[in-house]
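Chemist: Would you mind keeping the following structure in view while I ask a few things?
The values are calculated or read from the model by the stated rules, or taken from the named source; none is laboratory data. Here the structure is a predicted model, which means the values were calculated and not measured. Cβ sites come from the backbone with ideal geometry, for glycine too, and all protein chains shown count toward neighbours.
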Amino acid sequence: MAGAPGVTLGGDGELFVSDDSNGEPLGSIPAGTTWTVVVDTPGLRLVKPDGSKGQRRPGVSAVNVTEGRFAMANGRRYRGRVNVIRDPAGLTLMNRVPVEAYLAGVIGGEMGPRRPDERQAMLAQAVVSRTFALKNRGRWEGQGFDAWADVRDQVYTGVAGETGAVWDALRVTRGEVVWYGGALIEAYFHSTCGSRTAGVEEAFRTARGRPYLQSVSDESGGGHAYCDLSPRFRWREEWDAATLRAILSRTLPTVMNAGGGGLQRITDVAVTSTTASGRVGELRIAFEHGDVRVPGSDVRAVLRPRGDQLLGSAAFQLSVTKDGGQVTRVIAAGAGWGHGVGLCQWGAVGRARAGQDYRTILTTYFPGTNVERLY
């Protein structure tokens, strides 16, 4: 978390607090009590329940000292140490934990509760999440941490995400990662591929093609796909003329020099090319006086269902209704959920139900790779 106006520390166990820059002890927060960290330019200050403030500090660090309890920040429990530092917009809250403890707070949120016959999917996610974490370690070094706790990296919820099944998956796969050519792979994963995964260059404009990030079929036979048990295997979105103009007025200027200041009347919306995996390669949006061509990698960010949500996937077909040369309604019938690259999480669940083990699942979605133990 970054840019926060304040952070509360303390909760169900005693916390020892120190200066993050030099280790100077600043006191302990008794169980059941919270102290608040507030911005105080150019640093921060600790505020006790009675309102008294400590000296200005560049940052503070807190660690639990009660057996069987955890450090708490903003009401959420964390293993290891929590640190609060000043950033340009407010406060950054960080949690410093060993890799396996970090993964314990990631995997449950990524996979959700799984049945016994879906255990191999949980094991596959453990290996992919570990590979992702280690491959990207240091990516945000300039900001003082390794990973964001949201979809910019992996969603991390601390102790709240831990379950017995999660720890079982970590024990069984301890230290295992996915390798290709003697190096950790770029471990992409997504919710639902819709029957075929995407090549990395289809989903990300600047990505370099990788042999192990090619399009892979998820078909299971008989016209079915392993991921067709996903609630997002098929979806539908609809826009009327006013909604479409409002959405495009906000989204088009962010990805290209178009729109802004109110759009002209929309006269057509059409898919003008598709990719090797059947996803939209280019979307043409025509106006009264010209048109724009949206590359497939930007389609989900431009043709949003709502301002705060990406389109489910780039695998969709359009139905366009017009009246008097103006678009009055657009319907997208889509398949899958997410960017479509790498491991299909619901496909992994379907494959686990079909009896595939986690190594088979991983080397299917990442062809040519090996699962190896790093530590």
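Chemist: From the list SER319, SER313, SER277, which residue is more than 20 Å from PRO231 (Cβ to Cβ), polar (S, T, N, Q) and under 25 Å from the mean Cα position of the chain (by Cα)?
Modeler: Within the list SER319, SER313, SER277, the selection yields SER277.
Chemist: Ok, one more. Buried (at least 16 other Cβ atoms within 10 Å of the Cβ), in contact (Cβ under 8 Å) with a residue 40 or more places away in the chain, part of a helix (DSSP H, G or I) and aromatic (Phe, Trp, Tyr): is that true of PHE132 in this structure? Before the answer, list the steps.
Modeler: On the way: buried (at least 16 other Cβ atoms within 10 Å of the Cβ): yes; in contact (Cβ under 8 Å) with a residue 40 or more places away in the chain: yes; part of a helix (DSSP H, G or I): yes; aromatic (Phe, Trp, Tyr): yes.
Answer is yes for this residue.
Chemist: Further question on the same structure: Regarding GLY43, is this residue farther than 19 Å from ASN95 by Cβ, touching a Pro at 6+ places or on another chain (Cβ under 6 Å) and modelled with pLDDT of 90 or more? Before the answer, list the steps.
Modeler: Numbers: farther than 19 Å from ASN95 by Cβ: yes; touching a Pro at 6+ places or on another chain (Cβ under 6 Å): yes; modelled with pLDDT of 90 or more: yes.
The answer is yes for GLY43.
Chemist: Can you find a residue that is more than 24 Å from PRO253 (Cβ to Cβ), out of contact with any strand residue (DSSP E or B) (no Cβ under 7 Å at 6 or more places or on another chain) and in the same structural domain as VAL271 (by TED's automatic domain parsing) anywhere in the range 301-322?
Modeler: Of the range 301-322, the ones more than 24 Å from PRO253 (Cβ to Cβ) are 315, 317, 319, 321-322.
Add one more test, that the residue is out of contact with any strand residue (DSSP E or B) (no Cβ under 7 Å at 6 or more places or on another chain), and what stays is none.
Checked against the condition, which is being more than 24 Å from PRO253 (Cβ to Cβ), out of contact with any strand residue (DSSP E or B) (no Cβ under 7 Å at 6 or more places or on another chain) and in the same structural domain as VAL271 (by TED's automatic domain parsing), the range 301-322 yields no hits at all.
Chemist: Kindly state which strands (runs of 3 or more DSSP E) lie completely within the range 263-336 and contain at least 2 residues that are free of Cβ contacts under 8 Å to residues at least 40 places away in the same chain and buried (at least 18 other Cβ atoms within 10 Å of the Cβ).
Modeler: Values: elements: 266-274, 280-287, 290-295, 316-323, 326-335.
Filter on the range 263-336 gives 280-287.
Chemist: Only strands (runs of 3 or more DSSP E) wholly contained in the range 7-90 count here; list those with 2 or more residues that are within 31 Å of the chain's Cα centre (by Cα) and more than 23 Å from TYR156 (Cα to Cα). Break it down into steps so the answer makes sense when it comes.
Modeler: Working: elements: 15-19, 25-29, 35-40, 43-47, 59-64, 71-73, 76-78, 81-87.
Once the strands (runs of 3 or more DSSP E) in the range 7-90 are filtered for at least 2 residues that are within 31 Å of the chain's Cα centre (by Cα) and more than 23 Å from TYR156 (Cα to Cα), what remains is 35-40, 43-47.
Chemist: Might you let me know whether the range 151-164 holds any residue that is polar (S, T, N, Q), in the same structural domain as ILE107 (by TED's automatic domain parsing), surrounded by 20 or more Cβ atoms within 10 Å (Cβ to Cβ) and within 21 Å of the chain's Cα centre (by Cα)? Reasoning before the result, please.
Modeler: We begin by selecting, within the range 151-164, every residue polar (S, T, N, Q); these are 154, 157, 163.
Narrowing the set further to residues that are in the same structural domain as ILE107 (by TED's automatic domain parsing) leaves 154, 157, 163.
The next check asks that each one be surrounded by 20 or more Cβ atoms within 10 Å (Cβ to Cβ); those that pass are 154.
Checking which are within 21 Å of the chain's Cα centre (by Cα) leaves us with 154.
Yes; the residues of the range 151-164 include at least one that is polar (S, T, N, Q), in the same structural domain as ILE107 (by TED's automatic domain parsing), surrounded by 20 or more Cβ atoms within 10 Å (Cβ to Cβ) and within 21 Å of the chain's Cα centre (by Cα).
Chemist: Restricting attention to the range 354-375, and to residues there that are in a helix (DSSP H, G or I), touching a residue at least 40 places away in the same chain (Cβ under 8 Å) and in contact with a Lys or Arg (Cβ under 8 Å, 6 or more places away or on another chain), which single residue is nearest to ARG284 (Cα to Cα)?
Modeler: The selected residue is THR364.
Chemist: Related question: Among the residues of the range 49-71, is there at least one that is surrounded by fewer than 17 Cβ atoms within 10 Å (Cβ to Cβ), on the phi > 0 side of the Ramachandran plot, outside the structural domain of ASP146 (by TED's automatic domain parsing) and not basic (Lys, Arg)?
Modeler: Checked the range 49-71: at least one residue is surrounded by fewer than 17 Cβ atoms within 10 Å (Cβ to Cβ), on the phi > 0 side of the Ramachandran plot, outside the structural domain of ASP146 (by TED's automatic domain parsing) and not basic (Lys, Arg).
Chemist: Please go through the range 93-114 and pick out each residue that is part of a loop (DSSP other than H, G, I, E, B), surrounded by fewer than 23 Cβ atoms within 10 Å (Cβ to Cβ) and touching a residue at least 40 places away in the same chain (Cβ under 8 Å).
Modeler: Let us first name the residues in the range 93-114 that are part of a loop (DSSP other than H, G, I, E, B), namely 97-98, 105-106, 112-114.
Checking the rest, the ones that are also surrounded by fewer than 23 Cβ atoms within 10 Å (Cβ to Cβ) come to 97-98, 112-114.
Correct list: PRO113, ARG114.
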